[in-house]
Amino acid sequence: MFYAQTRKLVAFLLFVSAFSLFYTCSKSEDVEKEIIETPEPEIPQAPVDPAKLVTINTGAVVGTFYNFWSTRPMINQTRFNSSGFRTGEVENAKEYVKSYNLVRMLGGRTDNLNEYYQGVDGSGNIITDFSGLLTSMRNFRLTGLKPRIVLDNVPWEMSLPKVVDTYGNSKPPIDYNLWRQYINAFLNTLVNEFGMAEVKTWRFRVATEPNYSPDHWRGTKEDYFKHYDITVDEVLKVIPDAIIGPGNMLTEGVAKFKTELIDHCANGTNYVTGQKGTKMSFFCISYYEKIDQNTVKLAGDIGPYRNSLDSYSQFADIPLEIHEFGMLRDENAKRGVSLNDATELGASWYATIAEMAFKYKINEIYDWGQEIEGSNLPQGRRNVSKMFQMMEGGNRLQANHNLSGYAGVIPVEKNNAFYLLVYNHNPSRTSTNKNTIYPRLEGGLIASGTKWSMNEWTVDKNNSIMMHELYKDLRNAGISEISNGRIYANRISDRFNTGWENVLNANMAKYENLAKLSKTASNVTVNKKDGNLTLKVELEPHSVKLIELIPQ
């Protein structure tokens, strides 16, 4: 009897235990479901510093976030003859490079490439051999990209006696009849090969920095005006509706002339026709920053040209562009071969430039490249371009603020979502000036929704940058440093001697991970309050953040 009762008790306890286990598991599943279904944490409205407030009217469109970054200069078009170059560097850059500006294609080079001019026959007609041109241009066209042609250096034999300047021949031709024949033959070679319908869509620029003497132009200001008028006249004979403009104006202190060229093309006497004015489809400058000068000087450089173009009705709406661009020197005034800073400093500077590009209606900024030497690793600036690409084609919105220095917000509406490019730039690399900005979105789509899902991407010293880690690894590996070499530029060889390639390649996986554009917030819920949505954005001294707001 006892044993029977015991057996019944044990059975009952086992039943209770099993039921309890089943109930616990069931509850665990319910809890798991509850965890999965719990909404993301919400960000409450932050107390606002009025001096840091940026008010954004989401119902007021001020323009388009257009693509200004997709043309790359190329000094030697024969590089396209290499299939490795086309399938490597060119293919890797296609994500953001849509066209190439091909420089010094007519000869007169220090490396003696592109020598198509072969002299004159007994009747005074020029002799040419454009077989090399056709080879390089056919190979270029294999990329599927659009070329832009610079009609710059005159062939050596047209400007004797030979004087070799920094970039080759900078002298005008002695006999403009020969120059006309040469331009005519050059263009007809392209038209015959690729067709008028195609070639007339290409850009043609007459010279490079013609106000930089003697490096790019040994003639006078008037000599260049004459050269431009004659060249334009001959180009239009072959391609009547050609897209053509003058060389990019140097904006440094050594420039011999500036806006006078605009005046000549608007009101001056044309050296060919004797009539007023010369065709100008676009106008362009060079712009280089120098980190050692601790400033951003674009407003001062571009302003006079913008004002001059706007003063003439025929030129007010033509594209104003930057055809050479970069950070020419580091904080120690060292230049090197690099043309940009590869760290967060270059990134926040690039965001500052973007704001100014829209303000001054700069249509394009030609870019020498956004990758790090010896790799396809993005510079910090390249990650900012990726942010631009997310905003591309959207509507720029009205933003009002009293922010000081180089800090701001570029707000965009695209596909019913909002994008806020928030940046803080300090010209000095050693600056400790952090910043907090409060973007406040009002009106428009904000008025129709309450909850928004927020994503954020960041470029600063701790995000999306690999150069600091690379420098640490190079020094730990004992790679000797060039004491007067440029620091933190896009070309590692400007600062380190042979051996840097081995360190770079050995740690490539680590650098690729560090260089990725960092997503620093994901699907965070933010609420509207009192009819607006206000965010608090904290920024490092050199920082760019892209905030995406999607209606829930």
Which residue, 192, 100, 151, has the largest displacement toward the positive end of the dipole of the chain when charges sit on each Cβ (Lys, Arg +1; Asp, Glu -1)? 100
Compute the helix-to-body angle for 344-359: its Cα long axis versus the longest principal axis of the chain, expressed 0 to 90° and rounded to tens. 70 degrees
Mean 1/r over distinct Cα pairs of segment 137-256, inverted to a Kirkwood Rh in Å, yields 15.1 Å
For residue 249, the residues 5 or more places away or on another chain with a placed amide H closer than 5 Å to its own amide H are 284, 285, 286
Of the DSSP beta bridges with both residues in the chain, give the percent that are antiparallel, rounding to the nearest 5. 60 percent
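Note down the magnitude of the dipole of the chain about its Cα centre, charges +1 on Lys and Arg C-beta and -1 on Asp and Glu C-beta and zero elsewhere, to the nearest 20 debye.
Numbers: 60 positive and 63 negative charges, 126 e Å.
With only Lys, Arg, Asp and Glu charged at Cβ, the dipole is about 600 debye.
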Can you tell me which aspartates and glutamates have their Cα less than 17 Å from the Cα of residue 162? Leave out same-chain residues fewer than eight positions away. 111, 115, 152, 175, 215
Per residue of segment 96-107, in order, report the coupling 6.51 cos²θ - 1.76 cosθ + 1.60 (Karplus, θ = phi - 60°) as ³J(HN,Hα) in whole Hz, putting x for Gly and Pro. 9, 9, 10, 7, 10, 9, 8, 9, 6, 8, 9, x
Test item: Cα-centred dipole of segment 117-231, Lys/Arg +1 and Asp/Glu -1 on Cβ, debye: 420 debye
Placing +1 on the Cβ of each Lys and Arg and -1 on the Cβ of each Asp and Glu in segment 61-176, which of 110, 70, 131 has its Cα farthest towards the positive end of the resulting dipole? 70
Could you work out how far helix 131-141 tilts from the main Cα principal axis of the chain, as a 0 to 90 degree angle to the nearest 10? 20 degrees
Computed Kirkwood radius, in angstrom, where 1/r is averaged over Cα pairs of the chain: 26.8 Å
Starting from the 7 Å offset along Cα-to-Cβ, what nm value, one decimal, do you get for the label separation of residue 360 and residue 293? 1.1 nm
Could you give the distance between the Cα centres of segment 367-395 and segment 461-520, to the whole Å? 18 Å
Would you be so kind as to identify which of 300, 312, 243 lies farthest towards the positive end of the dipole of segment 189-333, taking Lys and Arg as +1 and Asp and Glu as -1 on Cβ and the Cα centre as origin? 312
In the structure shown, of 451/519; 98/386; 297/414; 256/361; 146/256, the pairs separated by more than 23 angstrom at the C-alpha atoms are 297/414; 256/361; 146/256
Residues whose modelled amide H sits under 5 Å from the amide H of residue 520, counting only those 5 or more places away in sequence or on another chain, are 456, 457, 458
Global geometry of segment 513-552, whether rounded, prolate or oblate, following the gyration tensor of its Cα atoms and the 1.5 cut on a/c: oblate
Mind jotting down the distance between the C-alpha centroids of segment 141-207 and segment 283-317, whole Å? 27 Å
As a test of the definition: which semi-axes, in Å, follow for segment 206-307 when you take the square root of five times each eigenvalue of its alpha carbon gyration tensor? Largest first, please. 27, 14, 12
Along segment 323-339, what does the Karplus equation 6.51 cos²θ - 1.76 cosθ + 1.60 (θ = phi - 60°) give for ³J(HN,Hα), rounded to whole Hz, x for Gly and Pro? 9, 9, 7, x, 10, 6, 9, 8, 5, 9, 6, 8, 9, x, 8, 4, 10
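Which three numbers, in whole Å and largest first, are the semi-axes of the equivalent ellipsoid of segment 90-205 derived from its Cα gyration tensor as √(5λ)?
Values: eigenvalues 142, 60, 26 Å².
Working from the Cα gyration tensor, I get semi-axes of 27, 17, 11 Å.
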Rounded to the nearest Å, what's the spacing between the alpha carbon centres of segment 213-279 and segment 400-434? Just the number, please. 38 Å
At a Cα cut-off below 16 Å, give the aspartates and glutamates reachable from residue 536, other chains included and same-chain residues fewer than 8 away excluded. 42, 49, 442, 456, 548
Highest average packing first - 213-226, 352-365, Cβ atoms within 10 Å: 352-365, 213-226
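Bear in mind that the values in this text are calculations on the coordinates, not laboratory data. Just so it is clear, the model here is predicted, and its values are computed rather than measured. FYI the Cβ positions are ideal-geometry reconstructions off the backbone, even for glycines, and counts take in every protein chain you see.
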